[in-house]
Amino acid sequence: MRIQELIILGILKEHPRHGYEIKKIIKKELGIFASLENKSIYYPLKQMEQRGLIKKTTDEPRGKILRYVYAITPAGSKVFINLAMHALLSEKRPFIDIDIPLYFLPFLEKKEVLARLRLRKRFLEKVKSWLAGNLEARETFPVHQALLLKHHLNLLNAEEGFVEDIIRIIKKQ
């Protein structure tokens, strides 16, 4: 949950937000970079509130619906800084699901593997195109967001080259 805390606290550093708004930002802006499996944002928000990292207030009711607004606390700001600095030094390597089937490659049907790898390559090309398009489309990109897009573009270029290598090797067998 540490990466999820980092993301939520980072979003709240900008300004207080509703839970649904936090969930939308995670999905729309960070979903391509961070895989968060949590379907409900409210459970982690509740845990973070209990730990004093965020505070919850009520918003003006819309009709009969009472909405909550979450804001980061001074303790939450300290945790955010610690988590961000720790993540910058993290030695954890990215785990890519393709690694496990490669280990078991001798037991898989060559034709099926090649078909799936070609599909994976097309997917990588689409994501690369999306990233490159976003980089080109915005002239005034905040530096931190441009760096994030460039980092993932570089990772995708490397993965695409690796997939091409795998296809070549399998074809030769």
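Applying the set (1) of a type in the set (D, E, K, R); (2) at pLDDT below 95; (3) outside any helix (DSSP H, G or I) to Glu5 leaves exactly one unmet item: (3). Residues that are free of Cβ contacts under 8 Å to residues at least 60 places away in the same chain, not assigned by TED's automatic domain parsing to the domain that holds Gly19 and not in a helix (DSSP H, G or I) do not occur anywhere in the range 72-81. The residues in the range 39-71 that are loosely packed, with under 12 Cβ neighbours inside 10 Å and either of a type in the set (S, T, N, Q) or touching a residue at least 12 places away in the same chain (Cβ under 8 Å) (or both) can be counted, and the count is 4. Here Lys111 passes the criteria (1) modelled with pLDDT of 90 or more; (2) surrounded by 10 or more Cβ atoms within 10 Å (Cβ to Cβ) except the one numbered (2). If I filter the range 85-93 for residues that are at pLDDT below 95 and surrounded by 13 or more Cβ atoms within 10 Å (Cβ to Cβ), do I get at least one hit? Within the range 85-93, none of the residues are at pLDDT below 95 and surrounded by 13 or more Cβ atoms within 10 Å (Cβ to Cβ). Looking at the range 148-157, can you tell me whether even one residue there is out of contact with any Lys or Arg (no Cβ under 8 Å at 6 or more places or on another chain) and surrounded by fewer than 10 Cβ atoms within 10 Å (Cβ to Cβ)? Within the range 148-157 (the criterion being out of contact with any Lys or Arg (no Cβ under 8 Å at 6 or more places or on another chain) and surrounded by fewer than 10 Cβ atoms within 10 Å (Cβ to Cβ)), the answer is no, since none of the residues qualifies.
The values are calculated or read from the model by the stated rules, or taken from the named source; none is laboratory data. Here the structure is a predicted model, which is why all the values come from computation and not from measurement. Positions of Cβ are backbone-derived with ideal geometry, glycine not excepted, and every protein chain shown enters the neighbour counts.
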